[in-house]
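Accompanying notes for the structure given below.
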Amino acid sequence: MLLRALFCFLLVGSVAVVCKESKGHISVVLLGATGDLAKKYLWQGLFQLYLNEVNSGHSFSFHGAALTPPEKAETLLFNALKALSCPADVHPDKCALVKDQFLKLTRYRQLKTADNYTALHQDILTSLAQEGLHEAGRLFYLSVPPFAYADIAQHINGSCRPPPGAWLRIVLEKPFGHDYESALNLVNVMQTYFREEEIYRVDHYLGKQTVEQILPFRRRHQKHLDLIWNRHHVERVEIVMKETVDAKGRTSFYEEYGVIRDVIQNHLTEILTLLAMEVPRNLSNSDDVLRAKLELLGSLQSPEHNSAVTGQYQNYLPQVREETEKNPNYFTKTQTFAGVLIYIDNARWEGVPFLLVSGKDLDERTSYVRVVFKDNSFCVQKESTEETVKSSCQPKQIIFHIGNGALNFPAVLVSRGLFKPSLPLSQWKEASELPSISFFGQSIHDYYVYCPIQEKDAYTVLISNIYRGRKGSFVTSKNLLASWKFWTRLLQSVDNQTPRIYPGGADTGALLDFVIEQRGLRFVIKEDVELLGMDQKMNTFASAQSIFLGNTMVSNWAEPLIQKLAEDIQTAAEEAIKSKGTFHLALSGGSSPIALFERLSKHHYGFPWKNTHLWMVDERCVPFTDTDSNFGNLERHLLQRVRVPYVNIHPMPVHRNQRLCAEEDKGAEEYAQEISALVSNSSFDLVLLGLGNDGHTASIFPGYDDGITGDKLVVYSESPQKPTNRLSLSLPLINKAKKVAVLVLGKGKHDIVTLISRAERKPKKWPIFGINPEFGQLVWYIDYDAMFR
């Protein structure tokens with residue numbers, strides 16, 4: 001049932017609700033009506049719109065839509081609506097009356113098929129005809145994932161457009177793509193069905209009261225700012241959003257996007273444009289505002305490789321493994337913290353650093369913009385407490401405080417040494433009661449501080465702007481693509497960087513502090529951590545070299561460690577082939593090398609496989625087709641993907657004469673003869689080993705002499721675990737190699753790493769201690785999980 005064209009006069013208590021002749025009907029359709037965003041913000045924003053416009057002459061109907069069947073969704077919708085509230089300045093009786101009317105005007109619709117959209121369209125037209133109303137506009141708010149846009153857009157355009165003369169507005173929520181290409185695809189999809197003026201992309205930060213005030217503030221204070229809002233007077237600009245919450249519960253989203261895509265590419269970049277763009281003469285002209293934004297985006301200088309520093313809070317990886325059911329060796333480079341340095345290539349801002357910073361699990365929740373001015377004043381006279389507000393030597397800055405932090409309310413702050421601002425008195429007031437705090441190096445009393453008379457939710461502001469068709473508060477297709485063009489270039493570099501691990505919260509301390517250096521950024525602190533069994537310290541945020549058990553150690557998280565090992569193997573291969581024409585590589589079994597095999601096959605297309613001979617360090621006495629076969633793993637994860645000459649592949653002969661590892665078949669002797677014939681001096685160029693939880697390496701287990709000493713190159717051995725029978729290179733043969741690499745991955749290896757770092761070096765008890773190359777080099781590759789757990 002719609003409100004009639006001519007409203008009656010209502011009197012509730014002492015509150016009059018004046019009714020006017022209808023200016024037309026507006027249908028609002030909220031898709032994703034039972035989702036979290038809708039429940040937290042959107043229904044409240046729509047209710048506030050109705051509360052503000054109930055006496056404007058327009059009539060309304062609200063349709064909550066989703067894929068859920070009505071019998072389930074109607075209860076969810078009712079629970080969301082009953083929690084709606086009015087601002088404190090609205091009389092309770094009026095609030096109750098308007099809320100009751102809003103509930104009556106709101107209905108649930110299942111919108112799943114084309115027929116559902118057709119039915120909605122017909123119902124709207126029928127109701128309007130029965131009430132004698134004409135349709136002024138139709139608003140579709142898509143609070144749904146981007147993958148659903150295409151189908152919904154097709155249905156709306158095909159069967160649910162309003163009749164001629166009424167406007168159509170399609171509202172989209174971020175993310176608006178993952179990079180330039182995906183954003184372009186989304187733009188093309190929407191432009192297939194809608195005109196640009198019909199599309200409203202919401203960046204809710206543009207509805208924040210302080211952010212909304214940036215351009216009017218610049219226009220209102222043009223007399224003061226024209227002289228100082230430029231490269232000659234601005235030292236730097238900081239745009240910051242810090243959060244205390246982590247990504248728990250959202251790690252699948254964060255794995256795809258990360259903090260730069262989630263926050264910096266949109267929220268902070270939009271603020272950057274408002275601060276740095278040329279202010280149009282007419283701020284009420286949305287086209288002029290959007291054109292100035294686009295011009296600014298086009299002036300952003302291409303980022304350098306060192307334009308960003310990134311971090312990841314230390315609990316993020318365990319959260320990802322748990323929530324996405326990844327295996328224990330899974331590694332991620334997703335950024336949960338980033339600081340980005342941007343320069344603008346125009347006459348106003350040339351050389352001025354703009355810092356965009358955001359992160360999760362930090363020490364405080366706050367967001368702000370800080371414009372810091374250069375200070376060339378020197379005051380000879382001693383400053384007294386009473387006179388500091390007048391001193392020209394006080395720091396000069398303008399701060400748009402968006403929310404939270406020590407101040408805990410939105411505010412605009414201007415250093416008293418600059419000028420006294422004036423803000424619209426109908427919306428802002430000078431703050432009279434201020435906490436005794438220091439704010440960016442100054443007492444809060446050293447600023448002029450203005451705050452909103454009434455705080456408003458950002459979605460309430462933006463929904464009102466959508467209703468009124470104010471496009472300047474939204475992201476156009478051109479602006480979106482211009483932004484992504486800049487950020488995609490940076491992300492192509494940043495996504496390959498290993499982020500710095502930080503503890504999170506207050507424990508992070510100064511670990512994420514960074515400095516501007518040579519037009520780039522670097523962290524101030526190089527964090528050192530003592531490791532068991534190490535004689536030196538290492539940097540935990542790079543593939544750093546140090547000493548473990550008297551030999552070189554390389555350590556990092558699993559993925560970059562594997563990357564480093566693969567690079568080292570290719571370097572060894574290239575050097576060996578350059579020297580003697582061939583490269584002999586012996587590979588151990590188990591699960592640890594699988595990630596290495598995949599890395600080599602997917603990322604090392606220039607590896608000299610044609611001149612490489614592949615040998616096995618050890619083999620289980622099972623058929624090659626068995627899942628326990630070491631050669632089977634090598635074949636599945638490497639040999640099927642690279643071109644190694646057949647004659648260069650040397651599996652161990654565990655299956656001879658239709659028997660497995662029968663000593664009388666002399667498989668060990670045959671493999672030893674093959675090595676002696678093809679490998680000069682039986683000296684492999686590189687041998688890759690692992691470390692067992694009991695201290696074994698290759699298939700040489702504790703308690704056995706055979707294989708630890710003696711003249712045999714290849715030996716039969718027994719494992720305490722099935723499959724029991726093995727074939728293995730002996731430690732004396734391994735020790736003839738030019739380089740031996742021991743790869744240790746995972747928390748399950750922490751105990752043995754700790755143990756051997758303290759144990760007496762007895763190879764019979766701990767066979768790994770028998771690895772001591774005669775003339776070659778031993779390098780340990782140990783990931784952080786194995787060291788720190």
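The values are calculated or read from the model by the stated rules, or taken from the named source; none is laboratory data. These numbers come from a predicted model, not from an experiment. Methodologically, a virtual Cβ is constructed for each residue, glycine included, from the backbone with ideal geometry; neighbour enumeration extends over all protein chains shown. Each accessible area value is taken on the protein alone, full model and side chains, heavy atoms only, with ligands, DNA and RNA left out. Shrake-Rupley method; radii C 1.70, N 1.55, O 1.52, S 1.80 Å.
So the values come out like this:
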item: Positions within the range 116-134 being under 42 Å from the mean Cα position of the chain (by Cα) and open to solvent by 20 Å² or more (accessible area, probe 1.4 Å), in sequence order; result: ASN116, THR118, ALA119, HIS121
item: Segments classed as strands (runs of 3 or more DSSP E), wholly inside the range 540-631, with at least 1 members that are under 27 Å from SER719 (Cα atoms) and either acidic (Asp, Glu) or out of contact with any Leu (no Cβ under 9 Å at 6 or more places or on another chain) (or both); result: 618-620
item: Unique match (being closer than 22 Å to GLY207 by Cα, among the basic types (Lys, Arg) and touching a residue at least 24 places away in the same chain (Cβ under 8 Å)) among ARG291, ARG261; result: ARG261
item: Pick from the range 60-84, criterion assigned to a helix (DSSP H, G or I) and of a type outside the set (A, V, I, L, M), ranking: surrounded by the fewest Cβ atoms within 10 Å (Cβ to Cβ); result: GLU71
item: Residue in the range 305-328 that is free of Cβ contacts under 8 Å to residues at least 24 places away in the same chain and among the aromatic types (Phe, Trp, Tyr) present; result: no
item: Residue satisfying all of: in the range 85-96; in a loop (DSSP other than H, G, I, E, B) and among the small types (Gly, Ala, Ser); least open to solvent (accessible area, probe 1.4 Å) among these; result: SER85
item: Residue list for the range 135-149, filter: aromatic (Phe, Trp, Tyr) and either within 13 Å of ALA38 (Cβ to Cβ) or surrounded by fewer than 22 Cβ atoms within 10 Å (Cβ to Cβ) (or both); result: TYR141, PHE147, TYR149
item: LEU462 being open to solvent by less than 60 Å² (accessible area, probe 1.4 Å), among the aliphatic types (A, V, I, L, M) and modelled with pLDDT of 90 or more; result: yes
item: Positions within the range 392-429 being touching a residue at least 60 places away in the same chain (Cβ under 8 Å) and within 30 Å of PHE378 (Cα to Cα), in sequence order; result: PHE400, HIS401, ALA411, VAL412, LEU418, PHE419, PRO421, SER422
item: Hits in the range 210-224 - residues which are in contact (Cβ under 8 Å) with a residue 12 or more places away in the chain and either open to solvent by 30 Å² or more (accessible area, probe 1.4 Å) or not in a helix (DSSP H, G or I) (or both); result: GLU212, GLN213, PRO216, ARG219, ARG220, HIS221, GLN222, HIS224
item: Top-ranked residue in the range 638-684 [being among the basic types (Lys, Arg) and farther than 26 Å from LYS610 by Cα; ranked as least open to solvent (accessible area, probe 1.4 Å)]; result: ARG656
item: Cross-chain or 6+ apart pairs with Cβ under 6 Å, the range 20-49 first and free of Cβ contacts under 8 Å to residues at least 40 places away in the same chain, then hydrophobic (A, V, I, L, M, F, W, C) and surrounded by fewer than 20 Cβ atoms within 10 Å (Cβ to Cβ); result: GLU21/LEU6
item: Some residue of the range 738-752 being in contact with a Cys (Cβ under 9 Å, 6 or more places away or on another chain) and open to solvent by less than 30 Å² (accessible area, probe 1.4 Å); result: no
item: Complete set of residues in the range 166-208 that are surrounded by fewer than 18 Cβ atoms within 10 Å (Cβ to Cβ) and of a type in the set (Ser, Thr, Tyr); result: SER182, THR192
item: Qualifying residue in the range 21-36 (condition: assigned to a helix (DSSP H, G or I), under 33 Å from the mean Cα position of the chain (by Cα) and at pLDDT 90 or above); result: yes
item: Neighbours by Cβ (under 6 Å, 6+ apart or cross-chain): first from the range 228-251, over 18 Å from THR334 (Cβ atoms); second loosely packed, with under 15 Cβ neighbours inside 10 Å and of a type outside the set (Asp, Glu); result: ARG231/GLY351; HIS233/LYS374; GLU235/LYS374; THR244/ARG365
item: LEU638 being under 23 Å from ALA595 (Cβ atoms) and outside any helix (DSSP H, G or I); result: no
item: Wholly enclosed helices (runs of 4 or more DSSP H) of the range 230-335 bearing at least 1 residues open to solvent by 50 Å² or more (accessible area, probe 1.4 Å); result: 251-259, 286-297, 316-323
item: Any hit, the range 243-266, residues being among the small types (Gly, Ala, Ser) and in contact with a Gly (Cβ under 9 Å, 6 or more places away or on another chain); result: no
item: Hey, ASP711 over 21 Å from ARG620 (Cβ atoms), open to solvent by 40 Å² or more (accessible area, probe 1.4 Å) and among the charged types (D, E, K, R) or not; result: yes
item: Residues (assigned to a loop (DSSP other than H, G, I, E, B) and within 38 Å of the chain's Cα centre (by Cα)) located in the range 97-115; result: LEU111, LYS112, THR113
item: Members of the range 336-361 that are more than 21 Å from LEU296 (Cβ to Cβ) and either surrounded by fewer than 16 Cβ atoms within 10 Å (Cβ to Cβ) or of a type in the set (S, T, N, Q) (or both); result: THR336
item: Scope the range 489-503; condition touching a Gly at 6+ places or on another chain (Cβ under 9 Å) and of a type outside the set (Asp, Glu); matching residues; result: LEU491, VAL494, PRO499, ARG500, ILE501, TYR502, PRO503
item: Filtered residues of the range 473-506 (kept if under 22 Å from THR334 (Cβ atoms), at pLDDT 90 or above and open to solvent by 30 Å² or more (accessible area, probe 1.4 Å)); result: ARG489, PRO503
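Let's see how each residue does on (1) within 20 Å of THR552 (Cα to Cα); (2) open to solvent by 30 Å² or more (accessible area, probe 1.4 Å):
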| site | (1), (2) |
| --- | --- |
| GLU567 | yes, yes |
| ILE577 | no, yes |
| PRO593 | yes, no |
| PHE597 | no, no |
| SER601 | no, no |
| TYR605 | no, yes |
